[in-house]
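Please read the structure below before turning to the comments.
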Amino acid sequence: MNVIEKSIVRDMSLAPEGHLKIEWVQAHMPVLNRIREQFEKEQPFKGLKVAISLHLEAKTAYLAKVVKAGGAEVAITGSNPLSTQDDVCAALVEDGITVFAKYNPDPKEYKDLMVKTLETKPDLIIDDGGDLVTILHSERQDLLEGVRGGAEETTTGILRLKAMEKDGSLKFPMVAVNDAFCKYLFDNRYGTGQSVWDGINRTTNLVVAGKTVVVIGYGWCGKGVAMRAKGLGANVIVTEIDAIKAVEAYMDGFAVMPMIEAAKLGDFFVTVTGNKDVIRGEHYEVMKDGAILSNAGHFDVEFNKPELEAQSSGKRTVRRNIEEYQLKDGRKIYVLAEGRLVNLAAGDGHPAEIMDMTFALQAMSLKYVNDQYEAIGSKVVNVPYELDEQVARFKLESLGTGIDSLTEEQKSYLDSWQEH
Ligand code: ADE
């Protein structure tokens, strides 16, 4: 079977639009372009199969093409039912990549598409949120054999992998791409900061200035969301469970308070915790009429939707990606993108220049794990510092920005404990 026959996508006639989207992002991903050139020459994945589960939009498509340029046979699926773009999928199939993905499949089909991706029997894996790895280690252990290792994109996925490593069930090495400096400092903070507000703004078409925004969770993503909310003119409240992060938010100039108090004040709520039920029944009870809820964490569990439904007398779609819940006391609460990642389910994800660094790390980490999988063993490992730094250097070069280097005297001063 050829790639077109094997693939499962919504509509191949959408391919021209998908090609244009990929072309646009490629022009804004100079670091990944350099890696593609290296891969074309060196063919690090020659003869290997790579399975990818990532948010299947244009930047991801370009990463898949770069891995293919390195000699791999690539099969790809989504990592969230609402973040897959059908036109991009069709274009990728035309580019020779096997695609198992559709926008908004039902939960069974979504899972089947992931399993089909694994049934291609990959040597290497790129995962976002840990679903491919989890399926391989639970219901499809028959497909484990032959997997050399992989790379994981996100905080949530790394938490799952570390739990597997701890109880001894992880069967191959995984590189924690999320924990590289060139990932979380830029993607989690500036990427999420911009793309979350892009998603909320294009979906609601409402003003943010003067409103109260409650950011739940002050990790790197929460910091970005709060910073950009402030830039849009909002009054920002941060809620936290970690005392140090709460002090950080306070010193960054934000109001900090428990969720039950913030719930009464917010016009917009953004959950960015990686945890479940951070907004729940007791909070809905005190929210203002018209409050707007959105999630930027990996899974759609951060606000408890069943409890919201139970407190509602009805719900309706009032605009694309906006559900209105009519509460029994007459108030209305709005949920964006069904509580799925608002930046991807109601937007195009992070800007291309940001994903340039993230996906350069992904590509380099995949090569690293393929070169070193036997030496690493079944562990979760960090991206080697040299690779992280190389991405930063390539980025600076692409920006035309130079930096200084230490003189020999400065180096010996730093190395010495006697000189002062
Ligand atoms: N585009 C592709 N993957 C993404 C991610 N994990 N976050 C934001 N945008 C993306």
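The relative contact order of the stretch 166-227, computed from alpha carbon pairs under 8 Å that lie at least 6 residues apart in sequence, is 44 percent. Any idea which of L185, G233, S53 is furthest toward the positive side of the dipole for the chain, if Lys and Arg beta-carbons carry +1 and Asp and Glu beta-carbons -1? Result: G233. Loop-resident chymotrypsin sites (Phe, Trp or Tyr not before Pro) (DSSP state other than H, G, I, E or B) in the stretch 243-301 with no more than 16 further Cβ atoms inside 10 Å of their Cβ: F299. Of the accessible area of the chain, computed with a 1.4 Å probe over protein heavy atoms only, carbon and sulfur atoms account for 51 percent. Taking every DSSP helix (H) stretch of at least 4 residues in the chain, weighting each as -39,500 (n - 2.57) and dividing the sum by the residue count yields a mean residue ellipticity at 222 nm of -13000 deg cm²/dmol.
Placing a pseudo-label 7 Å from each Cα along the Cα-to-Cβ vector at K379 and L232 gives an inter-label distance of 4.2 nm. Under the convention that each Lys and Arg Cβ holds +1 and each Asp and Glu Cβ holds -1, the size of the dipole of the chain around its Cα centre is about 920 debye.
Across the stretch 289-299, rounded Karplus estimates of 3J(HN,Hα) from the backbone phi angles (6.51 cos²θ - 1.76 cosθ + 1.60, θ = phi - 60°) give 4, x, 4, 10, 10, 9, 10, 10, x, 4, 9 Hz, Gly and Pro being marked x.
In Å², what does the accessible area per residue of the chain work out to with a 1.4 Å probe?
Accessible area per residue: 44 Å².
Taking 7 Å steps out from each Cα toward its Cβ at K276 and A255 produces label points 3.1 nm apart. The mean sequence separation of alpha-carbon pairs under 8 Å and at least six residues apart, normalised by the residue count of the chain, gives a relative contact order of 16 percent. Between the amide H of V380 and those of M174, distances stay under 5 Å, these residues lying 5 or more places away or on another chain, with hydrogens modeled in the peptide plane. Short-range pairs are left out: with C-alpha atoms under 8 Å and at least six residues apart, the relative contact order of the stretch 1-137 is 33 percent.
With no solvent and one equal point scatterer per Cα, compute the Debye intensity ratio I(q)/I(0) for the chain at 0.06, 0.10, 0.11 Å⁻¹ and report its log10, rounded to two decimals. For the requested q values the scattering log ratios are -0.26, -0.71, -0.85. The accessible-area ordering, largest first, of the residues M257, M12 stands as M12, M257, per a 1.4 angstrom probe. A simple spin-label model places the labels of K166 and S313 4.6 nm from each other, with each point 7 Å out along Cα-to-Cβ. For A255, the residues 5 or more places off, or on other chains, whose built amide H falls under 5 Å of its own are V236, V238. Helix screen, the chain: DSSP H segments with Cα axial length of 24 Å or more and mean Kyte-Doolittle hydropathy at least 0.0 are 352-376.
The values are calculated or read from the model by the stated rules, or taken from the named source; none is laboratory data. Source: prediction; values computed, not measured. Reconstructed Cβ throughout: ideal geometry from the backbone, glycine too, with neighbour counts over all protein chains shown. When the accessible area is computed, the model is the full protein with side chains, heavy atoms only, and any ligands, DNA or RNA have been set aside. Shrake-Rupley method; radii C 1.70, N 1.55, O 1.52, S 1.80 Å.
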